[in-house]
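Peer 1: This structure is in structure tokens; I'll ask about it shortly.
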Amino acid sequence: MKKILIATLAAGAMVVSLAACSGGGAGSGGGEGGGALVGVAMPTKSSERWIQDGDAVKKQLEDEGYKVDLQYAEDDIPTQVSQIENMITKGAEALIIASIDGTTLTQVLQDAADAEIPVIAYDRLIRDTENVSYYASFDNYKVGVQQANSVLNGLGLVDLDGAPVDGAPAGPFNIEMFAGSPDDNNATFFWDGAQDTLKPFLDAGTLVVKSGQTDFEQAATLRWDGETAQKRMENILTSSYSDGSKVNAVLSPYDGISRGIISALTDAGYSTGDEWPIISGQDAEIDSVKAIANTGEQYATIFKDTRKLATAAVEMTIAVLNDEEPEVNNEKDYDNGKFVVPSYLLESQIVVKDNVNEVLVESGYWTEEEIG
Ligand code: BGC
């Protein structure tokens, strides 16, 4: 007991003196950070989730006594690079980065390494560099599996865990498929998870891709842009469905893309109800949650709790700054082209109309009023 007490007192004194040395005064909120600066680079404010990520990371770091330089790059690669350069110049002691293009940070991360600044890859793997310490994300392959299962569930073919259901319809159902941004490492993980899950149904002819566009390259949506997706959907409707046939399902990897697809369908004269296709998504963005809960325009989304991801990244950062080994749970799947980056992966959940309350409201992610 006595030993523990002495150790605790000593540790306490150390934290106090560290804080005093680094002058962690105004706004640093106490905690063990002692006012050290952490740079947080996020891709864009155009998607709600990154705003929530940025806010959560900032708040959690500040609660621990760190100062935070949080920057958004509006999906412009040179802007992100110069923001990170700036963080290095300002004396950031660690960097948390959600990259726009996972392959474009090699030089700036070399500069970070030269200044001995550890780097945590946030949600998206940073590729082609040795200068990334750890990766915090979700099980991205599984997100893709869940996206496919949500589509199959909407068609009545499986339950939400992907188990076949009795008396499932024989189809065939027309499906069209979208992928995310080809420069985002996550996009191929989502696509692979979804394709492996859909394959048996495609092979059996239960699902048919009338456009014939079944390759990742054909399905990819640069920068996850909703308007790009809308145009592609319009083209597909014109080229492959002008004969009066209908699209029954659309695999979409992200809510913003789903909303583009929905606009194309509406413009082409589809109306909600029986002829409206089953559409998946990701991120539980509020407009898409409304579309699931209220209008039925979207069938499902994948909920990835950004608060938990922020916690994982912040814990990793603090551990690294204290020369401790952060907790990881995957050391095999995320090879960035140079090495397998030790990762901590979180679990995601499928959200459909029936569990909106349980998953999103009860967890405090959205309120009932926000959903409407
Ligand atoms: C994230 C997704 C998000 C997408 C578009 C991906 O890297 O993992 O959650 O939907 O980017 O912002």
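Peer 1: For helix 185-203, report the angle its Cα long axis makes with the longest principal axis of the Cα atoms of the chain; keep it between 0 and 90° and round to the nearest 10°.
Peer 2: Computed tilt is about 30 degrees.
Peer 1: Dividing the convex hull volume of the alpha carbon atoms of the chain by its residue count, what do you get in Å³ per residue? Intermediate results must be reported in sequence, preceding the final value.
Peer 2: Working: hull volume 59.3 nm³, N = 372.
Looking at the chain, the number lands at 159 Å³ per residue.
Peer 1: Return the Cα extents of the range 212-314 along principal axes one, two and three, sorted largest first, each rounded to a whole Å.
Peer 2: Here the spans come out as 53, 33, 19 Å, largest first.
Peer 1: Counting other Cβ atoms within 10 Å of each Cβ, which trypsin sites (Lys or Arg not before Pro) in the range 292-363 have at most 10 and sit in a DSSP loop?
Peer 2: K332
Peer 1: Compute a Gaussian network model of the chain, connecting alpha carbons closer than 10 Å, and tell me which residue from A136, A300, A319 fluctuates the most.
Peer 2: Highest fluctuation of the listed residues: A319.
Peer 1: What percentages make up the Cα-Cα pair-distance distribution of the range 130-282 when the bins are 5 Å wide from 0?
Peer 2: 2, 10, 19, 23, 20, 14, 7, 2, 2, 1, 0
Peer 1: Give me the number: length gained by fully extending D63 to E227, i.e. 0.36 nm times residue separation minus the C-alpha to C-alpha distance, one decimal in nm. Could you put the intermediate results ahead of the total?
Peer 2: On the way: separation 164, 0.36 × 164 = 59.04 nm, distance 3.83 nm.
Here the segment from D63 to E227 would lengthen by 55.2 nm.
Peer 1: Sticking with this one: In whole angstrom, and with the biggest value first, how far do the Cα coordinates of the range 263-372 range along each principal axis?
Peer 2: That works out to 58, 34, 19 Å along the principal axes.
Peer 1: Turning to a different aspect of this structure: At 222 nm, what helix-only mean residue ellipticity would the chain give, in deg cm²/dmol to the nearest 500, using -39500 (n - 2.57) for each DSSP H run of four or more? List each step's numbers first, then the result.
Peer 2: On the way: 12 runs with 149 residues, N = 372.
Here the helix-only value at 222 nm equals -12500 deg cm²/dmol.
Peer 1: I'd like the orientation of helix 77-89 relative to the chain: the angle between its Cα long axis and the longest Cα principal axis, in ° from 0 to 90, rounded to 10.
Peer 2: Rounded to the nearest ten degrees, it is 10.
Peer 1: Leaving out ligands and nucleic acids, and using a 1.4 Å probe, what accessible area per residue does the range 65-123 come to in Å²?
Peer 2: Working: 2190 Å² over 59 residues.
Value returned for the range 65-123: 37 Å² of accessible area per residue.
Peer 1: Then there's this: For the chain, with a Gaussian network of springs between Cα atoms less than 10 Å apart, report the residue from D139, D274, D225 with the top mean-square fluctuation.
Peer 2: Greatest mean-square fluctuation among the candidates belongs to D274.
Peer 1: As an exercise, identify the GluC sites (Glu not before Pro) in the range 92-143 lying in DSSP coil whose Cβ has no more than 15 other Cβ atoms within 10 Å. Don't skip to the end; give the middle numbers.
Peer 2: Working: sites: E93, E116, E130; in loops: E93, E116, E130.
Of the GluC sites (Glu not before Pro), the ones in loops of the range 92-143 whose Cβ has at most 15 other Cβ atoms within 10 Å are E116, E130.
Peer 1: Compute the long axis of helix 48-63 from its Cα atoms, compare it with the longest principal axis of the Cα atoms of the chain, and write down the angle in degrees, 0 to 90, nearest 10.
Peer 2: 20 degrees
Peer 1: Could you rank the peptides 324-330, 155-161, 59-65 by their average count of other C-beta atoms within 10 Å per residue, with the highest value first?
Peer 2: Details: 324-330: 13.4, 155-161: 16.1, 59-65: 19.0.
The densest-packed peptide leads the list: 59-65, 155-161, 324-330.
Peer 1: Then there is this: For the residue pair S271 and E347, what label-to-label distance in nm results when each label sits 7 Å from Cα along the Cα-to-beta-carbon direction?
Peer 2: Distance between the two pseudo-spin positions: 4.2 nm.
Peer 1: Out of the range 311-372, which chymotrypsin sites (Phe, Trp or Tyr not before Pro) are coil in DSSP terms and have no more than 16 other C-beta atoms within 10 Å? It would help to have the intermediate numbers written out before the result.
Peer 2: Working: sites: Y334, F339, Y344, Y365, W366; in loops: Y334, F339, Y365, W366.
Those that pass, being in a loop and sparsely packed, are F339.
Peer 1: For the range 52-189, take N as its residue count and report Rg(C-alpha) divided by 2.2 N^0.38 Å. Spell out each step's value before the answer.
Peer 2: Details: Rg = 19.8 Å, N = 138, 2.2 N^0.38 = 14.3 Å.
Taking the Cα Rg and dividing by 2.2 N^0.38 Å, one obtains 1.38.
Peer 1: What spacing in nm lies between the two simple spin-label points modelled at S242 and L202, each 7 Å away from Cα in the Cβ direction?
Peer 2: Spacing of the two 7 Å Cα→Cβ label points: 2.6 nm.
The values are calculated or read from the model by the stated rules, or taken from the named source; none is laboratory data. Bear in mind the structure is a predicted one, so any value in this text is a computation, not a measurement. Cβ coordinates were reconstructed from backbone atoms using ideal geometry, including for glycine residues, and neighbour counts include every protein chain displayed. Quick note on the areas: whole protein, heavy atoms, side chains included, nothing else; ligands and nucleic acids left out. Shrake-Rupley method; radii C 1.70, N 1.55, O 1.52, S 1.80 Å.
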